[in-house]
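Undergrad: Structure provided below as structure tokens; questions to follow.
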Amino acid sequence: MPSPLLAPLFGSPAMEAVWSDEAAVVAMLAFEEALAAAEAEAGVIPAAAAAPVAATVARRDIDATALADAASIAGNTAIPLVKALTAKVREADPEAAKWVHYGATSQDVMDSGLVLQLRETFRVVEADLARAMAAAAVLARAHRDTPMAGRTWLQQALPITFGLKMAGTLDALMRHRDRLAEARPRILALQFGGAAGTLASLADKGPEVARLLAARLDLSLPDTPWHGQRDRILEAASLMAGLVATAAKVARDVALMMQTEVGEVTEPAAPGRGGSSTMPHKRNPALSATILGAAGLAPQLLAAIAAGGAGEHERFAGGWQSEWLALPELARLTGGVMARLAELLEGLEVKPERMRANLDATGGLLMAEAVQMALTPAFGRLVAHDRIEAACRRAVGEGRVLLDVLAEDGEITAHAPRERLAELLDPAGYLGAAGIFVDRVLARWNGA
């Protein structure tokens, strides 16, 4: 995060824990412990060498802060970490210390540790995603038939239902859930290739050690080491950026619907939330604004990770390093966004009466298409369109409701009397398949 002051605003405690310096050290040490155990099982190192490594890792007494200065000289965090681990193992068992990190390279430690952190990232994200989906489902069901103005280009277009809007959100969130599940085995893969990706230092035991190591870390075993191919990291970043984008769409709509002149929804209330330092009456869309603020940064972080994939040969000079900055920041923002999206949807206050009032604000103009479609069999589509368009212009110019203007046209009333025109101009009667679409999404949600 930019600072400890802003971390609680844009992040979440759960995701901060995943991407803390201490968590990074723990993840890399988990790799080293599993490596020693796998190599001992494969007969690559003495069987007695694994236990002292495991015991040293279990103490968790390697200080992340102490690694920082050494990392600035070494060029990465793995080199000083391995040195510190070796020194501590040596204190307990000098013979075992000879075999720490045997056959591995710094990128194996860092990339596999990163994957372990990504696994925890997905776990945190999926928990908040489940909350957000459940809340969206409740809103979609409760407001399946609640009419509101659908808007295009920020203008009223045709009536929809608030349930349909929430069903669209739920539909998108379920697709994100499916993407995460499908991508897990592809992204959560062991990186173990040694100095240049051949595991030559382990002779013919390399593939066996890799298999055992992947099993111990509960990671998938790739066909080749992937240190020079960063698509897995880019895919993880893309999944996170996609979640942020969908959350931002919800936040944007909520912020617009909270405008004083619209007033169709309100963010969940809490002491001190959304207030103004000078205006006591204000209730600002604070959750939405925080989500949108994060969404403004996510595309740039994703772009940095994508650019970093164009590296040189078997180990990059710069591209890999840019991931160290961009990926944790993107994960932190995603964690904060998803936590706030869940909170927003769980406590959203919906105002059906304001939605209905806004539908009536144009004096029937947003229902012009319904009248046009009803008159098309008699007049033809183009003639009906032009005739209704002229009536709309007249209604606006004279400050009258559309029903009165239409009812004065004898040719129109010959095919649609005033009573029929009133029916056609009722927003609740022109919702199309909105209810069916909501039901489809809810059926899939209930069957998930």
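Undergrad: Considering only Thr121, Thr86, Thr161, give the residue with the highest GNM mean-square fluctuation for the chain, with springs between Cα atoms whenever their separation is below 10 Å.
TA: Highest fluctuation of the listed residues: Thr86.
Undergrad: Classify the chain: rounded, prolate or oblate, from the alpha-carbon gyration tensor (a ≥ b ≥ c, eigenvalue square roots; a/c under 1.5 rounded; otherwise prolate if a/b is larger than b/c)?
TA: Prolate shape, in that a/c is at least 1.5 and a/b is the bigger ratio.
Undergrad: May I pose another question? Which shape class applies to the range 128-181: rounded if a/c is under 1.5, otherwise prolate when a/b exceeds b/c and oblate if not, where a ≥ b ≥ c are the square roots of the Cα gyration tensor eigenvalues?
TA: oblate
Undergrad: Which angle from 0 to 90°, rounded to the nearest 10, does the C-alpha axis of helix 206-217 make with the longest principal axis of the chain?
TA: The angle comes out at about 60 degrees.
Undergrad: In degrees between 0 and 90, to the nearest 10, how far off the longest principal axis of the chain does helix 286-308 point, with axes built from Cα atoms?
TA: In the chain, helix 286-308 runs at an angle near 50 degrees to the longest axis.
Undergrad: Tell me the angle of helix 162-187 to the major Cα principal axis of the chain, expressed in degrees between 0 and 90 and rounded to the nearest ten.
TA: For 162-187 against the chain, the angle is about 20 degrees.
Undergrad: Okay, next question. Under 10 Å, Cα contacts only: if you run a Gaussian network model on the chain, which one of Leu213, Leu406, Leu341 comes out with the highest mean-square fluctuation?
TA: Looking only at Leu213, Leu406, Leu341, the biggest GNM fluctuation is shown by Leu406.
Undergrad: Related question: Using 1/(1 + (r/R0)^6) with R0 = 25 angstrom and r between the beta carbons of Glu419 and Ala142, what's the FRET efficiency to the nearest 0.05?
TA: Working from the Cβ atoms, E equals 0.20.
Undergrad: Here's something else I'd like to know. Just the accessible area per residue of the range 134-187, please: how many Å² with a 1.4 Å probe?
TA: Spelled out: the 1.4 Å probe surface of the range 134-187, per residue, equals 46 Å².
Undergrad: Okay, next question. May I ask you to derive the FRET efficiency for Ser322 and Glu182 from their Cβ-Cβ distance with R0 = 25 Å, giving the value to the nearest 0.05?
TA: It comes out at approximately 0.40.
Undergrad: Please sort 389-397, 51-59 by packing, taking for each peptide the average over its residues of neighbouring beta carbons within 10 angstrom, highest first.
TA: Sorting 389-397, 51-59 by mean packing, highest first, produces 51-59, 389-397.
Undergrad: Could you state the accessible area per residue of the range 224-360 in Å², with a 1.4 Å probe and every protein chain left in place?
TA: 43 Å²
Undergrad: To continue, here is another question. Would you kindly find the accessible area of Tyr430, with a 1.4 Å probe and non-protein molecules such as ligands, DNA and RNA excluded, rounding to the nearest 10 Å²?
TA: Surface accessible to solvent at Tyr430 totals approximately 60 Å².
Undergrad: Write down the accessible area per residue of the range 35-105 in Å², having rolled a 1.4 Å probe over the full set of protein chains.
TA: On a per-residue basis, the range 35-105 sits at 48 Å².
Undergrad: Quick one: check the C-alpha center-to-center distance for the range 1-74 versus the range 187-250, whole angstrom.
TA: Using only Cα atoms, the two centres lie 17 Å from each other.
Undergrad: Sticking with this structure for a sec: Dividing the alpha-carbon Rg of the range 1-84 by 2.2 N^0.38 Å yields what?
TA: After normalising by residue count via 2.2 N^0.38 Å, the value is 1.34.
Undergrad: Report in % the part of the accessible area of the chain that belongs to carbon and sulfur, leaving out ligands and nucleic acids; probe 1.4 Å.
TA: Looking at the chain in its full context, I get 58 percent from C and S.
Undergrad: Protein chains only, probe 1.4 Å: how do Phe437, Phe122, Phe10 rank by accessible area, largest first?
TA: In descending accessible area the options line up as Phe437, Phe10, Phe122.
Undergrad: Which value at 222 nm does the chain reach when only helices count, each DSSP H run of 4 or more adding -39,500 (n - 2.57), with the total divided by all residues and rounded to the nearest 500 deg cm²/dmol?
TA: It comes out at -21500 deg cm²/dmol, rounded to the nearest 500.
Undergrad: State, to one decimal in nm, how far the label point of Thr65 lies from the label point of Gln229, with both points 7 Å from Cα in the Cβ direction.
TA: Going from the Thr65 label point to the Gln229 one covers 4.2 nm.
Undergrad: Mean-square fluctuation check for the chain, GNM, Cα pairs under 10 Å: which of Met15, Met338, Met367 is largest?
TA: Met367
Undergrad: Need one number for the range 54-199: average projected area of the convex hull over its C-alpha atoms, nm².
TA: Dividing the Cα hull surface by four gives the mean projection, 14.4 nm².
The values are calculated or read from the model by the stated rules, or taken from the named source; none is laboratory data. Computed from a predicted structure; not experimentally measured. Here Cβ is always computed from backbone atoms with ideal geometry, including for glycine, and neighbour counts include all displayed protein chains. Protein only, heavy atoms only, side chains kept; ligands, DNA and RNA dropped before computing areas. Shrake-Rupley method; radii C 1.70, N 1.55, O 1.52, S 1.80 Å.
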